[in-house]
Amino acid sequence: MELQMENTSSICTQTLINNVASYLSGIPCKNSTVVKLNNDNLATNGELYFLPSLKVWKSVLKDTDKCVGKCATILQHFLHVQDGERNNGIDEDSVSQVLQLLISSSRNWSIKIEKYLLKGERVCLFLQRVPLIENAIKTTLICKHDFGRTSPINKVFSLKLVEDKESELTTRRLHLIQSVTERILNLHGCKVSNQHSDYRFVFTSKSEGNVEENYEKYICGVVKNAEVNCKETKLTWKEYVEYKTEELKVLNEHKYFEAQECDVKREDYFLQNLARATVTFELLSVKPSRPVFIGCNFATDKAITNTKGASFILYNIARITAIIEKYNNRRLKGEYPNLPHVNQIDFSLLNQEDEWELIYNFIIGYQEMIKDCLKCESIFQTNPQVICIFLSKLCQKFSIYYRRSRILTDAYDHLIPTMNARLYMLHALQIVLQNALALLDIVPVSRM
């Protein structure tokens, strides 16, 4: 039986944020920021929170504030608009009344609120998890490589670059930033063309000098040698990839990678591809406007990069692929039953906190990450480093989950349903990882 196409808005947290802001303010809200996402300690802090102070909500209310100084919080404002007369005080019962009304209203939303908790000045909101888990996994499986794509917005961009004649690695970085930006624009529903374009940008490492008429400069940082803190002008892309390949060969000899019998040529080809992925990741993991430092094995500025390398990410993708392949091999041997249709899966069995954080932050959160990769409203800004950080955090969380949880269990009847739910979660994570790597033009490896 074929699944019906799910609308990705059913798992869009921005839609939920807009719904909360609109309900409490009484004003239709779009792209509201007054309600914040939470990504850590979800069990205690909830998935969303907001500060009730009316000062925080001024940007939402604008000239529609009917309280005229009578209200100090958005909860008071809500009651004042509903009931008319309110004084400056609001007791616990009134707070509870407003928030319970919010929870009741959310029953008509695609993402529903389960409960609230008052923590200091914050109102923390907790979501109904099971329906959201099911929707997130189904939507990802249906959309596959289109997961995260938005509707066309009929904006046309023209992107060019000016080569850095002093540094081949800097020029390669400019090429990478341009190509990733084009893929992100495509996901955002924009078209990239040199004809009839609405926006025109030239990626360059030079702040001085002229560019083609009607084009605006987008200045990017150069690639620097960390030892001398100067632009790397001698090392070529090919030489740097070869250097990384030799590093990986040393790790391979020390059994860092999985030992497998294969011919030397095939192994060299594998390590060269891995080295290219490593260098690509390294050049993109820093904000485009800042320089990239090479020649050391650690981040020069942890605040700038804050990522784990491509090898770690590819290792975890290969691990997920290996788990799925192992299940399929054992299924073909009759050791496991066939994987049921997704509509027959009990997703309430994904009840570990690590599972929820993987799904909420990285399957549901993938769409928000794509949005963060590009800013077009006031000034144009491309952020490929956001993808690198997302991948690193996802793989860190999955690595922790993998150590704590046994995904492929014994084929006992009472264990199979949980294993099936976890396998579907792995399929969804695999799609997210492959899509994110495709934006960087990095191809996953089959083994590590």
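For this structure, a couple of remarks:
Per-residue answers, yes or no, for (1) open to solvent by 60 Å² or more (accessible area, probe 1.4 Å); (2) touching a strand residue (DSSP E or B) at 6+ places or on another chain (Cβ under 8 Å); (3) not β-branched (Val, Ile, Thr):
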position: Tyr116; (1), (2), (3): no, yes, yes
position: Glu121; (1), (2), (3): yes, yes, yes
position: Asn135; (1), (2), (3): no, no, yes
position: Thr139; (1), (2), (3): no, no, no
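- Output for region 13-30, where each listed residue is closer than 18 Å to Trp356 by Cβ and either surrounded by fewer than 16 Cβ atoms within 10 Å (Cβ to Cβ) or of a type outside the set (Ser, Thr, Tyr) (or both): Leu16
- Within region 371-396, residues that are within 20 Å of Cys220 (Cα to Cα) and acidic (Asp, Glu) sit with their Cβ atoms under 8 Å from residues that are assigned to a helix (DSSP H, G or I) and open to solvent by 10 Å² or more (accessible area, probe 1.4 Å), at 6+ positions apart or across chains, in these pairs: Asp372/Val386.
- For region 221-228, the condition of being surrounded by 17 or more Cβ atoms within 10 Å (Cβ to Cβ), part of a loop (DSSP other than H, G, I, E, B) and modelled with pLDDT of 95 or more holds for at least one residue.
- Of all the criteria given as (1) modelled with pLDDT of 95 or more; (2) assigned to a loop (DSSP other than H, G, I, E, B), the one not satisfied by Gly209 is (1).
- Cβ-Cβ distances below 6 Å connect the following pairs, each with a first residue in region 203-222 that is touching a residue at least 60 places away in the same chain (Cβ under 8 Å) and of a type in the set (Val, Ile, Thr), a second residue that is loosely packed, with under 12 Cβ neighbours inside 10 Å and not in a strand (DSSP E or B), and a separation of six or more residues or different chains: Ile219/Ser207.
- Some residue of region 4-22 being at pLDDT 90 or above, more than 26 Å from Asn351 (Cα to Cα), touching a Phe, Trp or Tyr at 6+ places or on another chain (Cβ under 9 Å) and not aromatic (Phe, Trp, Tyr): yes
- Residue check for Thr33: out of contact with any His (no Cβ under 6 Å at 6 or more places or on another chain), open to solvent by 70 Å² or more (accessible area, probe 1.4 Å) and at pLDDT below 95: yes
- In region 273-297, the residues that are modelled with pLDDT under 95, out of contact with any Asp or Glu (no Cβ under 7 Å at 6 or more places or on another chain), part of a loop (DSSP other than H, G, I, E, B) and not polar (S, T, N, Q): Cys296
- Residue among Leu99, Leu187, Leu117, Leu174 that is modelled with pLDDT of 95 or more and over 30 Å from Trp57 (Cα atoms): Leu174
- Residue that is least open to solvent (accessible area, probe 1.4 Å), among those in region 230-250 that are of a type outside the set (Val, Ile, Thr), part of a loop (DSSP other than H, G, I, E, B) and in contact (Cβ under 8 Å) with a residue 12 or more places away in the chain: Glu232
- Of the set (1) over 19 Å from Cys220 (Cβ atoms); (2) at pLDDT 90 or above, all apply to Phe270 but (2).
- Condition check for Ser179: under 30 Å from Gly221 (Cβ atoms), among the small types (Gly, Ala, Ser), in contact with a Lys or Arg (Cβ under 9 Å, 6 or more places away or on another chain) and modelled with pLDDT of 95 or more: no
- If you go through region 166-197 and keep only what is part of a loop (DSSP other than H, G, I, E, B) and either open to solvent by 80 Å² or more (accessible area, probe 1.4 Å) or in contact (Cβ under 8 Å) with a residue 60 or more places away in the chain (or both), you end up with Glu166, Ser167, His188, Asn194, Gln195, His196.
The values are calculated or read from the model by the stated rules, or taken from the named source; none is laboratory data. Keep in mind the model is a prediction, meaning the values are calculated, not measured. Cβ coordinates were reconstructed from backbone atoms using ideal geometry, including for glycine residues, and neighbour counts include every protein chain displayed. Ligands, DNA and RNA are excluded from the accessible area calculation, which covers all protein heavy atoms including side chains. Shrake-Rupley method; radii C 1.70, N 1.55, O 1.52, S 1.80 Å.
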